[in-house]
Amino acid sequence: MKGSTFRKSAAAIAIASTFSFPSLAVAQEGADNVERIQITGSRIKRTDTETASPISIFDAEAIEASGFTTMEKFIHNMPAMNGGFNGSNTNNGSGGFASANLRGLGSDRTLILINGRRYASGDLNAIPMAMIERVEVLRDGASTIYGSDAIAGVINFITKTDFEGAEFTAQYDETSEGDGETTKLSGVVGTTSDNGSVVLALEYQNRNDISQGDRAFSRYPLNERDGQLVTGGSSTIPYGNWSAVDPDSPYNSANANGSFVVDPETGEVRQYQGTRDAYNFAPASYLSTPQDLFTINAVANYDLTRDLTVFLEGGYANRQSDQKMAAEGTFWGPTVAGDHPANPVGEDVYLYRRLAETGGRQFTQDFSDYRMVFGFEGYLDNGWSWDASYNYARYVDSSIDYGRANPERFETLLDPALCEAAEACPGLWNPFEAGTLSQEMMDYALVPNSPVTRGTTKQLMANLTGDTGEFMLPAGNVAWAVGVEKRWQEYENQPDGAALLGQIYNVGATPTDGSYEVEEAYIETDIPVLRDMPGVQSLDFSAAVRYSDYDFTDAQTTTKFGLEYVPKDGMLVRATFAEGFRAPTITDLYGPQVTSFSSYADPCIEYGSSDNPDLVANCQSEGLPADFNLDNNQAATLLSGNENLQPETSDSFTLGFVYQPEFLDNVNVALDYYDIEIENGIGAPSTSFIANQCYNSEDFSASVCGDILGPEAIGTSSWSGSDYRDAQGYISGVDARTQNISTFQTSGIDFDVNWNDEVAGGMLTLRLDGSYLDEYKYQVQEGVEALELAGKFGADTNFAGRIAAFSEVRANLTAGYKIDDYDLSWITRFQSGVDDLNWDESNLSNSVGSYVYHDMQASYYYNQNTTLTLGIRNVFDKQPPYVSNNNDMNTLNTSYDTAGQYWYARVGLSF
């Protein structure tokens, strides 16, 4: 039963490598005694787990020791991750999706696999945590082996295949504030016979929300005025912020240097005052988003003959998630006629009114992810092995957004003549007073938005691997692998019916769909060059080439070369050079247009102190005062796919070593340098960049000024005297459709140190994983100076321009001690300090110092079948930092822990 032997060997070696590097001695025992295994990044089956490419392996025990209940958190805390992430810390715009970001190069450049195969969504929530045997993280380009997307690296989740018995786990988490409760239940059952095995796993998780109003650091949005922190918020307020339509009126915002309100206490008309009137949207927004997650997964294999095995994999995940934001507002600036009985000045005015009576906007997802694999694997008489499989993966994202405004009906509520003419109009609305929007009015003018998005991946692949057998080079056999693959991608976005009729504010109304096919072939070889010579125990050279033929663009050929040099026992020197490419994803090509209120730095803020005459002249020409300011930093930005995109290309280089010193027992050290360059990068231009380039050019002459389409592009009112600003003064309608415009260059060093030994009757294990980011240069487009993000925080172009930290050093130190019936662990997570990329002396917080988090866990083996575990994450309740240039929550919410200290208890039963 060769297939079963192979699987058991792979599992044993991988588990051993979790707390120590794979011993080089394994390869020296000989292929006759050790079955060959396949490691992520290569299709060649070999006798050891070290290749020319750097790989980190984490087993199920390491995942459990982290205390996290979702794979999202475990992956996000790996040191090789950097920049921004989608996940539970992201409320605005996450859609419930959880992503990975190797090297800070974006989730689209990190290939996520399950058992070496793609799945449709790439959502980390869909990973069956209870089913995972190990995680293999390839920190190197792998386009020659896996095709598109593997530029930054690969995360391969390996599921359990041989499992005998049953395991049940229950875990409950709660913060020290008594919120964010998380419940997780899982069960795995399996059986193995001489002819095959079956494993089934079910998992359920419920995570409760935490509100931004529940934490002191996020309870109020903070602004800075005259060197002081003041409470801020939105200028769209529950009793209406308004200005006259007539450009000559004294109530026009351009003439009055501001807008107006009806004072809620005196009833008098006065100018809007941000520190007094701004709407606090924090309590209505989530700090940590809730979700219900259910997964069921199964794998089975059966030996049809001694050399032929059939295997099946099936998986289903359902995620019910939601995000909550402050109530909708009349952001489009509807006109309230002068003859409206509540109009305070008797002339037409633009109105910005927060619909606070609705309680907020809720964005919900009912997301289903399906996966099915059917295939055969076997051995030929000469020892070559082969596999062929068909992989079908699909996701359906059914969303419903509540509390969305129908502009036409709100305008009816505001116009006496229209309301009288509309039979269904429940009555005229007084928007200049809080609490006046009745339930009947809300039923009339609010509409749910229920779009559906579907995506499908179909993958047919076949691989053959072996060696040259009797035809040997002086140093040994040449190992090789060849394979072919065909992949089909499909995508569909169907908007809500009301959106198609233009009845939902700020919702794209064009259905989009598309598909493409790709045919690929690869060959990989591992050539022994030298053996058993002075100073050379072994020297191996590897090479791979892949041909990818897409039906919508030119064919791509990528190559990869590697070198493995063992000068003596315990020392491996390795290097790789790889070409990579990333074809536009299906959503890059066909994603619908959406309006995102992206954070940006407005160049006209307090422009009176600027020494740039072009900036001063441009801001003055729009009628802005020299001390111009805004209550928040969001610009209406138009994001969409682009069918004219071309693939991006990359070159990556790694050089490193693995060392097991003779003078120290059980110590393993690895050090790897990496350098990645990406050209023709696919991304959305930065709103801040566009605004700054435009406003700092003479008389708005920069070409990027054409990318600011203005408020008309999103159906809102204009600032008198400006083509670019809405009636409240915010830059509006920025065209940020996906383009091939960017280049990236990043380099750094990964380091890993492992040691374990018997201490005081128990086993002590120490593991240090870390990554040093030497440079991260991002050039938004040709002819513009590259931005250096290493050691900085700034807009992450791979994360919709949201602000994130790019720490130079991220490291995890894990200490574990096992003795008798006890298992103790302590994890220290470190990330070095960062400075604002857009440092401004007037800001109160341009820097964040180094951050250290501590986690601890203690397990007690009550008996042979029962394990009791208690743990604390963020032991010392470290709070996130305040920064002036923030995206949300007054901090860098994707880069730092926002929930605070978590306590958890877990019970495990095994039979």
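Points to keep in mind about this one:
- Selection of the range 596-619 for residues being part of a strand (DSSP E or B) and surrounded by fewer than 20 Cβ atoms within 10 Å (Cβ to Cβ) yields only Phe597.
- As for the range 692-708, it holds at least one residue that is surrounded by 18 or more Cβ atoms within 10 Å (Cβ to Cβ), of a type outside the set (Ser, Thr, Tyr), modelled with pLDDT under 95 and out of contact with any helix residue (DSSP H, G or I) (no Cβ under 7 Å at 6 or more places or on another chain).
- Beta carbons closer than 6 Å, at least 6 apart along the sequence or on distinct chains, pair a first residue in the range 269-290 that is farther than 17 Å from Asp897 by Cα with a second that is of a type in the set (Asp, Glu) for Arg270/Asp263; Gly274/Asp631; Ala278/Asp631.
- Among all positions in the range 681-688, there is no residue which is surrounded by fewer than 21 Cβ atoms within 10 Å (Cβ to Cβ) and of a type outside the set (Ser, Thr, Tyr).
- Test: residue in the range 819-832 that is surrounded by fewer than 17 Cβ atoms within 10 Å (Cβ to Cβ), of a type in the set (S, T, N, Q), more than 22 Å from the chain's Cα centre (by Cα) and not assigned by TED's automatic domain parsing to the domain that holds Gly791: no
Here's the yes/no breakdown for (1) of a type in the set (Ser, Thr, Tyr); (2) over 30 Å from Phe311 (Cβ atoms); (3) at pLDDT 95 or above:
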| position | (1), (2), (3) |
| --- | --- |
| Ser176 | yes, yes, yes |
| Gly190 | no, no, yes |
| Glu203 | no, no, yes |
| Asn208 | no, yes, yes |
| Leu222 | no, yes, no |
| Leu229 | no, yes, no |
| Ser234 | yes, yes, no |
| Pro247 | no, yes, no |
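- Within the option set Val188, Val199, being assigned to a strand (DSSP E or B), without any contact (Cβ under 8 Å) to a residue 60 or more places away in the chain, farther than 30 Å from Ala521 by Cα and of a type outside the set (Gly, Ala, Ser) holds for one residue only, Val188.
- When Asn838 is tested against the conditions (1) crowded, with 20+ Cβ neighbours inside 10 Å; (2) over 21 Å from Gln739 (Cα atoms); (3) modelled with pLDDT under 95, the lone failure is (1).
- Scope the range 852-868; condition of a type outside the set (Gly, Ala, Ser), free of Cβ contacts under 8 Å to residues at least 60 places away in the same chain and in a strand (DSSP E or B); matching residues: Val852, Tyr853, His854, Met856, Tyr860, Tyr861, Thr866, Thr867, Leu868
- For Val310, the requirement of being among the β-branched types (Val, Ile, Thr), surrounded by fewer than 23 Cβ atoms within 10 Å (Cβ to Cβ), touching a strand residue (DSSP E or B) at 6+ places or on another chain (Cβ under 7 Å) and in a loop (DSSP other than H, G, I, E, B) is not met.
- Top-ranked residue of the range 430-457 - restricted to ones that are in a loop (DSSP other than H, G, I, E, B) and of a type in the set (Ser, Thr, Tyr), ranked as nearest to Asn343 (Cα to Cα): Thr436
- Only one of the numbered conditions (1) more than 19 Å from Phe751 (Cα to Cα); (2) at pLDDT below 90; (3) crowded, with 22+ Cβ neighbours inside 10 Å; (4) not small (Gly, Ala, Ser) is not met by Glu50, and that is (1).
- Restricting the range 536-578 to residues that are charged (D, E, K, R) and surrounded by fewer than 20 Cβ atoms within 10 Å (Cβ to Cβ), the residue that is modelled with the lowest pLDDT: Asp554
- Contact map, the range 623-639: residues that are on the phi > 0 side of the Ramachandran plot paired with residues that are not in a loop (DSSP other than H, G, I, E, B), Cβ distance under 6 Å, separation 6+ or inter-chain. Pairs shown: Gly623/Ala254.
- Within the range 807-843, the residues that satisfy the criterion of being of a type in the set (D, E, K, R) and in a strand (DSSP E or B) are Arg810, Lys818, Asp823, Arg829, Asp835, Asp836.
- Residue within the range 779-789 that is outside any strand (DSSP E or B), in contact with a helix residue (DSSP H, G or I) (Cβ under 7 Å, 6 or more places away or on another chain), assigned by TED's automatic domain parsing to the domain that holds Trp826 and under 28 Å from Thr649 (Cβ atoms) present: yes
- Per the conditions (1) within 26 Å of Val809 (Cβ to Cβ); (2) in contact with a helix residue (DSSP H, G or I) (Cβ under 8 Å, 6 or more places away or on another chain); (3) buried (at least 22 other Cβ atoms within 10 Å of the Cβ), the sole criterion not satisfied by Gly67 is (2).
- Yes/no for Ser596 being more than 30 Å from Asn886 (Cα to Cα) and either within 27 Å of the chain's Cα centre (by Cα) or modelled with pLDDT of 90 or more (or both): no
- Residues in the range 865-880 that are out of contact with any Ser or Thr (no Cβ under 7 Å at 6 or more places or on another chain) and within 12 Å of Glu64 (Cα to Cα): Leu870, Gly871.
- Residue, nearest to Phe58 (Cα to Cα), within the range 77-124, restricted to residues that are touching a helix residue (DSSP H, G or I) at 6+ places or on another chain (Cβ under 8 Å), part of a loop (DSSP other than H, G, I, E, B) and aliphatic (A, V, I, L, M): Ala100
- Some residue of the range 559-566 being of a type in the set (A, V, I, L, M, F, W, C), in a strand (DSSP E or B) and touching an Asp or Glu at 6+ places or on another chain (Cβ under 9 Å): yes
- Extreme residue, farthest from Val658 (Cα to Cα), among residues of the range 753-801 that are surrounded by fewer than 19 Cβ atoms within 10 Å (Cβ to Cβ) and among the acidic types (Asp, Glu): Glu782
- From the list Ser176, Ser143, Ser148, the lone residue that is of a type in the set (Ser, Thr, Tyr) and in contact with a Ser or Thr (Cβ under 6 Å, 6 or more places away or on another chain) is Ser143.
- Residue selected from the range 239-271 under the condition part of a strand (DSSP E or B) and among the aromatic types (Phe, Trp, Tyr), by the criterion surrounded by the most Cβ atoms within 10 Å (Cβ to Cβ): Trp242
- Residues located in the range 125-145, provided they are in contact with a Lys or Arg (Cβ under 7 Å, 6 or more places away or on another chain) and part of a helix (DSSP H, G or I): Asn125, Met131, Ser143, Thr144, Ile145
- Where Ile714 falls short, out of the listed (1) surrounded by 21 or more Cβ atoms within 10 Å (Cβ to Cβ); (2) β-branched (Val, Ile, Thr); (3) assigned by TED's automatic domain parsing to the domain that holds Asp614: (1)
The values are calculated or read from the model by the stated rules, or taken from the named source; none is laboratory data. All figures in this text were calculated on a predicted structure; none of them were measured in a lab. Cβ atoms come from the backbone with ideal geometry, glycine included; neighbour counts cover every protein chain shown.
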